[in-house]
Amino acid sequence: MNLAVIGFGNAGGKVVDKLLAFESDTGRSLCRFALAVNSAEIDLAKLDYVPRDNRILIGQTDQRVKGRGAGADPEVGATIARQDHHEIERAMDGVPIHDIDGFLVVAGLGGGTGSGGAPVLAETLSDRYAEPVYGLGVLPSADEGGRPAFNAARSLTSFTEATENLVLFDNDAWRQHGDSVETGYERTNEEIARRVVTLLAAGELDGSRISEAAMDSSDVKRTLATGGVSSIAFASTEVESVPRGEGGLISRFTNGHDENRDESDLTMKVHGLVRKAVKSRLTIPADIDSAERSLIVVSGPPSEFSQKGMRRAREWLESETDSVEVLAGDDPREDADTLSVAVLLSNVTRVDRIDALQEQAVDAKSNIQQQADTREDEIDDLVTDDAGELDPI
């Protein structure tokens, strides 16, 4: 696919920056246009790959913001996104609309700017353009507290309604014991970039070889057209380097290899890698049999591909999801040193993490309301003498 990618808020900007870095490192082509929107000037300055002219600071005239962030308040994030929509729209004039398949709006859902502003932007893009608008949302960890959970639960509803499909990434599923906050987020962003680019950049005309079974943007768009929430599975394995031009079925004949043994090995390798991906960590854990549609992309050296392996993997996933809506294709990368599999599970409807997030958010809302109800009395008790003999100035 060719996408215009917009990172909203601190987490969103960092993820987009990491997408561009991964593209640069791997020679992929996905982001035809990249933009970072934030209410904190310092966060925009930390980006490395988003062009400086495409870093938009909003909320400068808002007395609550003044270029220093939304204070983890999504109401503020939504308000300044609406107030400064002309600034964002002017930046979006640089989108090569004739050359993109859709928009991808990226945001962390636990803060203020992204959780409030990203749904507003997604809705604006949907009204303005005919191209589909997808979302990528990052959920806060449960141990980040009640306020981020409360923000995320509210944003999740708005973001899902405003997008064609919302891919979720759960920080809880990826944090490792002993991680610092910075280390944890850095690895999370790398995992997001690896999965999203591997999945969505398949089939692009970027100088890579094109096979008869290549995935294209229409396959991805059809899979994402379900609406709702989606998850991405991923697995990879290292392969022996094969000199350019020596891979493929013909080379196995000319080099005297046992075709049947090679094909059997490759079939098991591809099939096993797909099973490993789906059975290991998804971007957000979900019951895979609740997915409405699925898509498999096998990426790597063409010599490692097996059409029989992809067919078996597709049949297995059809059985696991109890759906015939499963597409499979490959993405040849002759210089790759790994064989990778990305699996999109679209419109999953049984996601325990979302249920837990909503419960945590409801508890947080109750606590916030209780504190608001009693705070004024507590302040009055603190600053007023018990005997009532002192008059305020």
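The values are calculated or read from the model by the stated rules, or taken from the named source; none is laboratory data. Computed from a predicted model, the values in this text were never measured in an experiment. Glycine gets a Cβ as well: all are built from the backbone with ideal geometry, and neighbour counts include every protein chain shown. The accessibility values were calculated without ligands, DNA or RNA, using every heavy atom of the protein model including side chains. Shrake-Rupley method; radii C 1.70, N 1.55, O 1.52, S 1.80 Å.
Details
- If only residues of segment 338-377 that are of a type in the set (Asp, Glu) and loosely packed, with under 10 Cβ neighbours inside 10 Å are counted, the one that is farthest from residue 26 (Cα to Cα) is 377.
- Some residue of segment 229-251 being at pLDDT 95 or above, assigned to a helix (DSSP H, G or I) and either touching a helix residue (DSSP H, G or I) at 6+ places or on another chain (Cβ under 9 Å) or under 30 Å from residue 162 (Cα atoms) (or both): no
- Enumeration of residues in segment 312-336 that are out of contact with any helix residue (DSSP H, G or I) (no Cβ under 9 Å at 6 or more places or on another chain) and more than 20 Å from residue 228 (Cβ to Cβ): 315, 319, 335
- Identity of the residue in segment 53-81, of a type in the set (Lys, Arg) and modelled with pLDDT under 95, that ends up least open to solvent (accessible area, probe 1.4 Å): 66
- Options 28, 82; residue that is charged (D, E, K, R) and assigned to a loop (DSSP other than H, G, I, E, B): 28
- If the condition is being under 14 Å from the mean Cα position of the chain (by Cα) and open to solvent by 10 Å² or more (accessible area, probe 1.4 Å), then segment 23-49 contributes only 31.
Conditions tested, residue by residue: (1) more than 18 Å from residue 269 (Cα to Cα); (2) in contact (Cβ under 8 Å) with a residue 24 or more places away in the chain; (3) among the basic types (Lys, Arg).
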{"position": "289", "(1), (2), (3)": "yes, yes, no"}
{"position": "293", "(1), (2), (3)": "yes, yes, yes"}
{"position": "297", "(1), (2), (3)": "no, yes, no"}
{"position": "300", "(1), (2), (3)": "no, yes, no"}
{"position": "326", "(1), (2), (3)": "yes, yes, no"}
{"position": "329", "(1), (2), (3)": "no, yes, no"}
{"position": "333", "(1), (2), (3)": "no, yes, yes"}
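- Look at segment 38-61: where a residue is in a loop (DSSP other than H, G, I, E, B) and a partner is polar (S, T, N, Q), sitting 6+ places away or on another chain with Cβ atoms under 6 Å, you get 39/113; 58/39; 59/39.
- When each of 108, 114 is tested for being in contact with a Pro (Cβ under 8 Å, 6 or more places away or on another chain) and within 18 Å of residue 5 (Cβ to Cβ), the lone residue that passes is 108.
Residue-wise test of (1) among the hydroxyl-bearing types (Ser, Thr, Tyr); (2) closer than 22 Å to residue 167 by Cβ.
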{"position": "71", "(1), (2)": "no, no"}
{"position": "79", "(1), (2)": "yes, no"}
{"position": "83", "(1), (2)": "no, no"}
{"position": "86", "(1), (2)": "no, no"}
{"position": "92", "(1), (2)": "no, yes"}
{"position": "96", "(1), (2)": "no, no"}
{"position": "101", "(1), (2)": "no, yes"}
{"position": "109", "(1), (2)": "no, yes"}
{"position": "112", "(1), (2)": "no, yes"}
